[in-house]
1. Which of the residues belonging to segment 28-51 are under 18 Å from M110 (Cβ atoms) and either assigned to a strand (DSSP E or B) or of a type in the set (D, E, K, R) (or both)?
2. Can you find even one residue in segment 49-65 that is in contact (Cβ under 8 Å) with a residue 60 or more places away in the chain and over 27 Å from A160 (Cα atoms)?
3. Give me a count of the residues in segment 131-163 that are in a helix (DSSP H, G or I), within 19 Å of R38 (Cα to Cα) and among the aliphatic types (A, V, I, L, M).
4. Would you confirm, using the coordinates I've provided, whether S84 is within 22 Å of A53 (Cα to Cα), outside any helix (DSSP H, G or I), in contact with a strand residue (DSSP E or B) (Cβ under 9 Å, 6 or more places away or on another chain) and hydroxyl-bearing (S, T, Y)?
5. Assess whether K25 counts as being surrounded by fewer than 17 Cβ atoms within 10 Å (Cβ to Cβ), part of a helix (DSSP H, G or I) and either among the basic types (K, R) or touching a Cys at 6+ places or on another chain (Cβ under 9 Å) (or both).
6. Considering each residue of segment 166-181, count those that are assigned to a strand (DSSP E or B) and either under 17 Å from the mean Cα position of the chain (by Cα) or more than 21 Å from R199 (Cβ to Cβ) (or both), and give that number.
7. I'd like to verify a number: residues in segment 68-81 that are within 15 Å of Y118 (Cβ to Cβ) and either assigned to a helix (DSSP H, G or I) or at pLDDT below 95 (or both), how many?
8. Looking at (1) free of Cβ contacts under 8 Å to residues at least 60 places away in the same chain; (2) within 26 Å of P35 (Cα to Cα); (3) in a loop (DSSP other than H, G, I, E, B), which is the one condition that is false for N190?
Amino acid sequence: MQDTLIYVHDPMCSWCWGFEPTRQKIFAAVAERMPIRRMVGGLAPDSDAPMPAAMRSMLQQTWQRIEQTIPGTKFNFEFWEKCSPRRSTYPANRAVIAAREQGGEYDAKMTARIQRAYYLEAKNPSDNSTLIELAADIGLDKGRFSASLVSDATQQQLSAEIQATREMGIDSFPSMAVLNKDGLHHIGLNYSHAEAMLREIDAA
């Protein structure tokens, strides 16, 4: 069995946004010597309920903490004034799966577009209308994407990935692991230093 690097994320996970520069360095370093499997983990189920004030405050504090903890990470706090937040990330997860259907490279492209829209442009990726606009931005077939976004097959794939990640013992994001003939090796996160994680990947 060939060693495989597994990366589990949620496109609306703020710590995943902070991890992006380090993740990119890790992927670039290992891409030529081992396959990489990206998976969505599903942070928050579908909900039409407005986000409670306490959670809004907690998430804004999390954004501030990430800015202070991970050098170079920025957030646009206008999101909390311009949008109507909901605690619902499953639509964005389905959007990544729907994008993936039009080519494997669109998994990362759609994730990146969602992150920029959410964290820098104050757009709400909990809304399907936003996700359809973002899909068009990266060159996806808009009609095909729109149909796939709400299809049973896409929801089933999301459920399957969530179940698979939980069976791996992964329930927080971002998470990284190496899967090989000896089993699954969880990699400790270092948000600012790819080298430390690469050493652990090599050891696994």
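1. I36, R37, R38, M39, V40
2. In the first step, residues of segment 49-65 are kept if they are in contact (Cβ under 8 Å) with a residue 60 or more places away in the chain; the result is none.
No, every residue in segment 49-65 fails to be in contact (Cβ under 8 Å) with a residue 60 or more places away in the chain and over 27 Å from A160 (Cα atoms).
3. Here the count works out to 6.
4. Working: within 22 Å of A53 (Cα to Cα): yes; outside any helix (DSSP H, G or I): yes; in contact with a strand residue (DSSP E or B) (Cβ under 9 Å, 6 or more places away or on another chain): yes; hydroxyl-bearing (S, T, Y): yes.
Judged against the criteria, S84 is a match.
5. Here the answer is yes, as K25 does meet what is asked.
6. Total meeting the criteria: 3.
7. The initial filter retains those residues of segment 68-81 that are within 15 Å of Y118 (Cβ to Cβ), namely 73-81.
Next, from what is left, pick out any that are either assigned to a helix (DSSP H, G or I) or at pLDDT below 95 (or both): 79-81.
Residues meeting the conditions: 3.
8. (1)
The values are calculated or read from the model by the stated rules, or taken from the named source; none is laboratory data. These numbers were taken from a predicted model, which means no experiment stands behind them. When we count neighbours, we look across all protein chains shown, and the Cβ atoms used for this are built from the backbone with ideal geometry, even at glycine.
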